[in-house]
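Notes follow once the structure below has been shown.
Since every read-out is calculated from the coordinates, none of them should be taken as a lab result. Small disclaimer: the values here were computed from a predicted structure and weren't measured. Every residue, glycine as well, gets a Cβ built from its backbone with ideal geometry; the counts of neighbours run over all protein chains shown.
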């Protein structure tokens, strides 16, 4: 497959401010939605594993690790897509596509941020350190999966959700069965929000041969997203029962269900702009679940 020529440019001489801006855009610090989507499952797990009062070292390590690993993931994603981003309207202004940053620099950023994240994990138990190797591996694998499968979101979900078993391991050195159900809900969630995200780029992706669930689901996309939303809410309800949570948690799930319905309203016409708004709305979905958890532990503290 051949593409029309696009001038990627060499990494031209930039001022310090322009260079810093390029690095900020490379790791998407200017677009923190990815940090939130990665952070909410981590916080759900930390709060449940910690019975509403998690060790603060663990909480700080996971929050900082989320920021570092999401940023590292963006760098390696742009490296993987460096020959494709210039052909997609939404990604054509990324720094590698513009030639503001070289491929080698992007890999360097990924390595440095991954090592910083690993240094944080070294403050936890050895089981969590061992599990962090899986997290890095998933972060590397995901960006390349869109070339081989229509469901790269499964790898994204595994990468974003791996903080769940890591949190339980960090606090208990063990992962109970319902924690794996919580992990599964995070994987399903990634299928939901990343399909909404892929609906934005569907026409461009079809032209250049990128695979996605939005293309795989076709005209059944809204129905399948709706079924996945019901599945996720069911999995989260099971986790609440298994963890002994009360009405505060389920009130949070109720709010999340309303937000899921709102997302269905937004994507009803498959308008790219509204699909993107639906994708962004998942931040509030994750927040609603977390706030429900916090409220429930305040109202019904775990036995000492």
Principal semi-axes in Å for the stretch 226-304 [√(5λ), Cα gyration tensor, largest first] = 28, 12, 8
Taking 0.36 nm per residue of separation and subtracting the Cα-Cα distance, what length does fully extending residue 250 through residue 207 add?
-> 11.1 nm
Can you give the extra length, in nm with one decimal, that the chain gains between residue 181 and residue 271 once fully stretched, where that is 0.36 nm per residue apart less the Cα-Cα distance?
-> 29.1 nm
Tell me, 18, 105 in order of fewest to most beta-carbon neighbours within 10 Å?
-> 18, 105
Per-residue Cβ neighbour rank within 10 angstrom, fewest leading, 204, 174 | 174, 204
Per-selection Rg to Rh, the chain - Cα, Kirkwood hydrodynamic radius = 0.98
Any idea what the relative contact order of the stretch 16-298 is, in percent, if you count C-alpha pairs under 8 Å spaced at least 6 apart?
-> 21 percent
Which of 247, 47 comes first, and how do the rest follow, when ranked by fewest Cβ neighbours within 10 Å?
-> 247, 47
In Å³ per residue, the alpha-carbon convex hull of the stretch 124-170 encloses 52 Å³
Fully extended contour minus Cα-Cα distance, from residue 220 to residue 29, at 0.36 nm per residue | 65.4 nm
Relative contact order as a percentage, the stretch 96-227, C-alpha pairs under 8 Å and 6+ apart, gives 23 percent
Cα gyration tensor of the stretch 42-164 diagonalised, 5x eigenvalues square-rooted, in angstrom largest first, produces semi-axes 29, 16, 12
Comparing 92, 114, 185 in a Gaussian network model of the chain (Cα, 10 Å), the one with the largest mean-square fluctuation is 92
Add -39500 (n - 2.57) for each DSSP H run of 4 or more in the chain, then divide by its residues: what number comes out at 222 nm, to the nearest 500 deg cm²/dmol?
-> -24000 deg cm²/dmol
Can you give the alpha-carbon Rg of the stretch 85-137 over 2.2 N^0.38 Å, where N counts its residues?
-> 1.58
